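Any read-out appearing in this document is the output of simple, stated calculations on the displayed coordinates, not a laboratory observation. This structure is a prediction, so every number in the text was calculated from the model and none was measured. A quick note on method: Cβ atoms are made from the backbone with ideal geometry, for glycine too, and the neighbour counts reach across all protein chains shown.
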């Protein structure tokens, strides 16, 4: 596996369970040469990981996974070789974190009205270093005994159109592409898995999409070939990774299995505008 890269990994700075150092140790044990930490709407995990590179001898590509909304549906956008100190990017991430905080407050108010009060400090404890999300609230509800597990919390209270649901801020994928490009990086559509209609995909390509994630646990061989043909037709970068979180079924099995050649990393560096 030496000579390969995993370009989709998460840490405790979003919804992963391993710290940046623990993640580096884990991928080094598998034998992966290069990685990108693509935490959701945060570059803090990447910054922390920089401290341990010499210890684990792993090439680290700056990365992020932006949460975007397209036609009312959440779509994720991977950004590679971004400048984490870019002012425009930092402002967006701070606004995003503030928006998640306010959204959480609104959700907790709805839960209080439903006789399911949750202390904000407990939610913050569950979130740790990461921006607050609904799963953190679901964890708190489960701990308090309101629900038996996270799934039930979503089914009964937090899911779309459920009593405590609050919609997210509308940040379009076109704006996401622009933001990543402005911060010097390449914008790659994350794990589309045929969930995106062709007209939407072509619209994103026209908007400046730089690549498509081809290798992913949700992509079977037919799906990979389908997106490879599109990437080839429009000269788009082909990327891939395990989408490792550490707490999902098959995570351990997937680590080291969903990889791309180091030539992909070199292409990212060459084509970035940094």
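When each of the peptides 161-170, 130-139, 83-92 is scored by the mean number of other C-beta atoms lying within 10 Å of its residues, the order from highest to lowest reads 130-139, 83-92, 161-170.
What's the whole-number percent of alpha carbon pairs in region 92-158 lying beyond 20 angstrom? Considering region 92-158, 20 percent of its Cα-Cα pairs are separated by more than 20 Å. The angle between the Cα long axis of helix 262-271 and the main principal axis of the chain comes to about 90°, on a 0 to 90 degree scale.
Annotation: the antiparallel percentage among DSSP beta bridges lying fully within the chain is about 50. Only helices enter this figure: runs of n ≥ 4 DSSP H residues, each worth -39500 (n - 2.57), summed and divided by the residues of the chain, yield -12500 deg cm²/dmol at 222 nm to the nearest 500.
Approximating the spin labels as points 7 Å out from Cα along Cα→Cβ, the residue 170-to-residue 207 distance works out to 1.2 nm.
Sorting 148, 272 from the fewest to the most surrounding beta carbons within 10 angstrom yields 148, 272.
Express in whole angstrom the spacing between the alpha-carbon centres of region 187-241 and region 160-185. Using only Cα atoms, the two centres lie 19 Å from each other.
Taking Cα centroids, how far is region 92-134 from region 9-35 in Å? Here the answer is 26 Å between Cα centres. Given their separation in residues at 0.36 nm each and the Cα-Cα distance between them, residue 248 and residue 71 gain 60.9 nm when the chain is fully extended.
Fully extending the segment from residue 144 to residue 110 would add 10.6 nm, taking 0.36 nm per residue of separation and subtracting the current Cα-Cα distance.
Taking Cα atoms only, the orientation of helix 221-233 departs from the longest principal axis of the chain by about 60 degrees. For the pair residue 87 and residue 262, the difference between a 0.36 nm per residue extended length and the Cα-Cα distance amounts to 60.0 nm. Helix 20-30 versus the longest principal axis of the chain: what is the Cα-based angle in degrees, 0 to 90, to the nearest 10? On a 0 to 90 degree scale, this one is about 50.
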